1. If each DSSP helix of 4+ residues adds -39,500 (n - 2.57) and the sum is divided by the residues in the chain, what number results at 222 nm, nearest 500 deg cm²/dmol?
2. Using only the alpha-carbon atoms, how far is helix 204-220 inclined from the longest principal axis of the chain? Give it as 0 to 90 degrees, nearest 10.
3. Using the scaling law 2.2 N^0.38 Å as the reference, what is the normalised Cα Rg of the chain?
4. Around Glu193, with a cut-off of 13 angstrom between Cβ atoms, what is the net charge of the other residues, counting Lys and Arg +1 and Asp and Glu -1?
5. Using a cut-off of 11 Å between beta-carbons, work out the net charge of the residues near Thr3 (Lys and Arg +1, Asp and Glu -1, Thr3 not included).
6. Defining a contact as two alpha carbons under 8 Å apart and six or more residues distant in sequence, what relative contact order in percent does segment 80-143 show?
7. Under 8 Å for C-alpha pairs, at least 6 residues apart: give me the relative contact order for the chain, rounded to a whole percent.
8. Would you please classify the overall shape of segment 167-229 from the alpha carbon gyration tensor, given that a ≥ b ≥ c denote the square roots of the eigenvalues, rounded means a/c under 1.5, and beyond that prolate means a/b larger than b/c while oblate covers the rest?
Amino acid sequence: NATFDFLQVLLAEVASLFPGPYIHIGGDEVRKDHWRDCARCNDLMREEGLADYAELQGWFVNRTESIVNKLGKRMIGWDEILDGEVRPSATVMSWRGTEGGIRAAKAGHDVIMTPLQHVYFDFYQGSSVDEPMAIHGLTRLSDVYAFNPLPAELSVEEQAHILGAQGNLWTEYVRTPADAERMVLPRMSALAEVLWSAESQQDFASFSDRLPAFESLLVELGYQPARSH
């Protein structure tokens, strides 16, 4: 209970600082092998009737969501939280591809699509040796433009659970604001077009033709877009 007492204090402070309706609790990349070696974790699983460590995470996430809800907020977690059968009231961010988002929407969760194959802006933008250091991976401008946040596997009713999408820029390898600008521009522009335009109006060749003029405007405004594309 001391852990949840701490979370109550911590999340109450977060809720007081940020007026938005959501609190993101993470929940990704949990090293469950540590729990296997934890006597208290195994005792807790027996006490709560939990079959495996995924259920233990789900138990923890659901209790944390109860705290978040009592603070008048809604909880968001990464798609790993689905492994523990969390309540449909949790909003899911699908980062390990679109599969988690599809599974979540079918189960009644609201979803934010953020698959690493398309919208991770901390990945390299091209294969040139002149590329600035990035964490790993390759997300070209064309990869961003090819992103469709509404998977065909979902029915119209299920697609209504897709709230939108998000581009991510983690900054372990981003040293300056100028570096950050180069990582998001113009990839952010490609993402904006595919999210805010009807699919019938999307055409990468047309986008590419219009891009130089837009990049000139960005430079005039003092921004530094990448030239990798």
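We did not get these values from a lab; they are worked out from the coordinates using the rules stated. Keep in mind the model is a prediction, meaning the values are calculated, not measured. Note that each Cβ is placed from the backbone with ideal geometry, even for glycine, and that neighbours are counted across all protein chains shown.
1. On the way: 11 runs with 105 residues, N = 229.
Only helices count here, giving -13000 deg cm²/dmol.
2. Helix 204-220 and the main axis of the chain meet at about 90 degrees.
3. On the way: Rg = 20.4 Å, N = 229, 2.2 N^0.38 = 17.3 Å.
Taking N as the residue count of the chain, the ratio is 1.17.
4. On the way: positive: Arg187, Arg210; negative: Glu199, Asp203, Asp209.
Every neighbour counted, the sum reads -1.
5. Value of the local net charge: +1.
6. On the way: 90 pairs, mean separation 15.8, N = 64.
For segment 80-143, the relative contact order is 25 percent.
7. Working: 327 pairs, mean separation 32.6, N = 229.
Normalised by residue count, the contact order of the chain is 14 percent.
8. Working: a/c = 2.60, a/b = 1.51, b/c = 1.72.
Oblate, because a/c is 1.5 or more while a/b does not exceed b/c.
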